[in-house]
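Encoded as structure tokens, the structure appears first; notes follow it.
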Amino acid sequence: MVVALSFHFDLFKFSLVQGVALGALYGILAIALVLTFRMSRVVGFVHGGIATASAFFYWYLVADPTLVSGQSVGGSAWNTHQWPKFPAVILAVLLGAALGAVFGSVVTGRMATWPRVTVTTFSLGAMLLLAGIAASIWKSAFENVPSPFGEKSTHLLGNSVRYHDLAVVVIMVLLVVSLNFVLTRTKLGTQIRAIADDIDAAEIVGIPVQKISIGVWCAAGALAGLGGVLLTPMTRLGTGVILFVLLRSTAGAVLGGFDSLPLALGGALIFGQVESQVQGGTFGTIGSGWREVILMTILFLGVILLARRSQSRFQLAEG
Amino acid sequence: MLQKLMAPLGKLKEPLAKAMAPLGKLTGGNPLIPGIVAFVALAVIVPPLLAGYWIFLVTAGLLTTITAMGLAIIVGWVGEVNLAGAGLLGASVYVTGYFYRVGDSRLNGWPFIPAALTGILFAAFLSGMVAIPTARFSGIYVMVLTLGLQITLERTLFSFPWIIGGFGRNVIVNRPKFLGVSFDSDLRFFYLCLAAAVAAGLFVNALRNSRHGRAMNLIRTDKRAAAAVGISPWRYKILAFAIGGGLIGVAGAFTAPLYRSPPAIVQFIAFQSLFLLAIPVVAGTRTLLGIASVALSFALIPQALESHHLSPFLLGGIGLIAGTIVGPGGLGGNLLDILQKQKEVAILSAVGLAVDVEAEVDLTVAPTPARVETDNGGGPSVAADGDEIVLRDRPPRLKA
């Protein structure tokens, strides 16, 4: 591990923009995690599997078959289709929504009264199953994925920034605004908040708890699918990458106590910034190992400082 | 929908119970006997029948069994989900290998035992450390932080070539030697790992029956009750994590020389942690033999899946899902229930009570108490008003 601390303002500016994009990406998955946690008191690790499935599906639809490195493995799964990108994004998001709805119907149905840690373990199993299906179809895939927004760049704060990164930030802002509107200004939002606050009381006053919960899982699945599609052009397509990003998003959600969307987004943006600044060399040469230690320390401190605040909620969830 | 999915599993219980009936009769329902039979089969019968490669795989399966026992303490006894199983295993593998190996390495040539102890203690320390800030919080935080530990290990420890000894270096990790006896051959190393697995099993069994083991189980069942009788959930959770981590470390220490060279990092990534977690979830934690059977299956089945181009993660995912559906007892717990019922039947038969075996092996909850017919000295059976067996999902008990 290498550490040589200093401060480079030019790198700071560049990493700032990169970090916002990265944080926005973590934020999209963090929103999905918080939404479903508030509905079902379950950490939706399954979103990692959904993101994986959607990302692979999107890549399968849009990738240029001549550029697919796994072609040598053989099989029709590697014969990608080069479809137009936006219909493929919509299909991948719909796949995520469908998977989210299926999982939601399970956890809000028979599993509604099961211990939450058990259901969370079930969620881990679902993630592993989806990742296993993807890894079985596309063994050892580690592919480049074309961005839905092209490969071009523009200049911002004197630095070159990909359209893809800007689009991720814009999408997250739009998501936050629209979710905030739905949650605070609509009848559906009131019902969702009522379920999140007291599921029994919501049921007594006639709110269709299960239908709304499944709807929220469906929407969260769509977000996870979108997150998977937006993630892989920034990294590469592989099962391991998505779990790594899911941890960042979960950490963001933890910093928000799994309760507050703004705090979860804040947490995700902090993680994105720290990661980007450290990786970009703003503070000098810091090895990737130290970067992970720094992020892990933030996560631990966040848990120790913030988790106490939400402890009663979690205890309620596990009861 | 889930109910429909689970219906076939429920229907499986009855034929499973019937299929187990002869085994129950044969063993008198004593769960130790299948354990001894399995041990003898593994030690004596299996090695001559298997080719070298399969011996190697069964050895890997035995080490997976030790790992699963460590996870079972954490998952089954204190009810926490540890997502760093593979990371802890890898940490022990590489730390043991770092001190033990010979070749292009900074520190090398330690005897195996001190090197292995270092690896074991390192894994126990990491596992205990991650438990300290989280033991007071909910299981959900434990999951997140253990996943964090896993990813951190992947990005730190596993990325240092001088520790892992990989990346094309000429590094040899010899099989150990004790008291002049070399365990270099696959068969001898298999016996060494079998001894380690049996020792680990005896340790876990003794711990489970000890005051500390009971305290850990009470914490999972009812934290408040535990605290009321003076058991600190915090301390015992940390202890469970440290002991579980230590056992995983033992598996790691023996895995280090398994391949005779440093194993690939891909064996210790986060998804592998979920795969390992599936073992105690599927097997339950009531029977060590159940854990060993599932662990061996999980070590061997991926080899069969490989030829069909199926990822082992599929098995792990199905295992985790099935394990949560079957319930906290797992498959092992259900089988143990059946064996226990057979034992009760054997006892009842021995004291002269004729029991309807069909009814005895039925695991479904009976709405009303069933009456037992007593054998009337070889004459026609008559119902004895005073003798009743209440059928529950627990072993039946005689009512006075």
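Nothing in this text is a laboratory measurement; each read-out follows from the coordinates by a stated rule. On a predicted model such as this, the values are computed, not experimentally measured, just so you know. Positions of Cβ are generated from backbone atoms using ideal geometry, with glycine treated the same way; all protein chains shown enter the neighbour counts.
Which values, in whole Å and largest first, are the semi-axes of the equivalent ellipsoid of the range B:56-106 obtained as the square root of 5 times each eigenvalue of the Cα gyration tensor? Intermediate results must be reported in sequence, preceding the final value.
Details: eigenvalues 140, 43, 10 Å².
In descending order the semi-axes read 26, 15, 7 Å.
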**OP:** Counting helices only, and only those DSSP H runs with n ≥ 4, report the 222 nm mean residue ellipticity of chain A as the sum of -39,500 (n - 2.57) divided by its residues, in deg cm²/dmol to the nearest 500.
**Re:** -24500 deg cm²/dmol
**OP:** Let me know the volume per residue of the alpha-carbon convex hull for the range B:67-216, in Å³.
**Re:** 122 Å³
Original post:
Over the alpha carbons of chain A, what is the largest minus smallest coordinate on each principal axis, giving the biggest first in Å?
Top reply: 55, 50, 36
Subject >> Whole-Å semi-axes of the range A:78-120's equivalent ellipsoid (Cα gyration tensor) >> reply: 34, 10, 7
Subject >> Check: chain A dipole with +1 on Lys, Arg Cβ and -1 on Asp, Glu Cβ, in debye >> reply: 280 debye
Subject >> Candidates A:Leu301, A:Leu246, A:Leu130: whichever shows maximal mean-square fluctuation once chain A is modelled as a Gaussian network with Cα springs under 10 Å >> reply: A:Leu301
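Gain in length, B:Leu179 to B:Val37, computed as 0.36 nm per residue apart minus the alpha-carbon separation, to one decimal in nm? List each step's numbers first, then the result.
Details: separation 142, 0.36 × 142 = 51.12 nm, distance 2.94 nm.
Working it through step by step, the gained length comes to 48.2 nm.
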Original post:
Shape call for the range A:1-139 from the C-alpha gyration tensor, a ≥ b ≥ c root eigenvalues: rounded (a/c under 1.5), prolate (a/b greater than b/c) or oblate?
Top reply: oblate
Original post:
In the range B:48-131, which chymotrypsin sites (Phe, Trp or Tyr not before Pro) fall in coil by DSSP and have 10 or fewer other Cβ atoms within 10 Å?
Top reply: none
Subject >> Sparsely packed trypsin sites (Lys or Arg not before Pro) within the range A:107-161, loop by DSSP, other Cβ within 10 Å at most 11 >> reply: A:Lys152
**OP:** Calculate the dipole size of the range A:161-254 relative to its Cα centre from +1 charges on Lys and Arg beta carbons and -1 charges on Asp and Glu beta carbons; express the result in debye to the nearest 20.
**Re:** 360 debye
Original post:
Tell me, what is the FRET efficiency for B:Leu202 and B:Ala264 to the nearest 0.05, using R0 = 35 angstrom and their Cβ-Cβ distance as r?
Top reply: 0.65
Original post:
What is the sum of charges around A:Val161, taking Lys and Arg as +1, Asp and Glu as -1, for the other residues whose C-beta is under 13 Å from the C-beta of A:Val161?
Top reply: +1
Subject >> Label-to-label distance, nm, for residues given as A:Lys13 and B:Met129 (7 Å Cα→Cβ offset) >> reply: 4.0 nm
**OP:** Given a cut-off of 27 Å, name the pairs among A:Lys85/A:Lys152; A:Lys13/A:Lys152; A:Lys85/A:Lys139 whose C-alpha atoms lie farther apart than that in the structure shown.
**Re:** none
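Once the piece of chain linking A:Val177 and A:Ala98 is laid out straight, how much longer is it, given 0.36 nm per residue of separation minus the C-alpha distance between them?
Numbers: separation 79, 0.36 × 79 = 28.44 nm, distance 2.38 nm.
Net length gain for the segment: 26.1 nm.
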**OP:** Report, in debye and to the nearest 20, how large the dipole of the range A:32-171 comes out about its Cα centre when Lys and Arg carry +1 and Asp and Glu carry -1 on their Cβ.
**Re:** 480 debye
**OP:** Report the label-to-label distance for A:Thr154 and A:Gln210 in nanometres (one decimal), using points 7 Å from each Cα along the Cα→Cβ vector.
**Re:** 4.8 nm
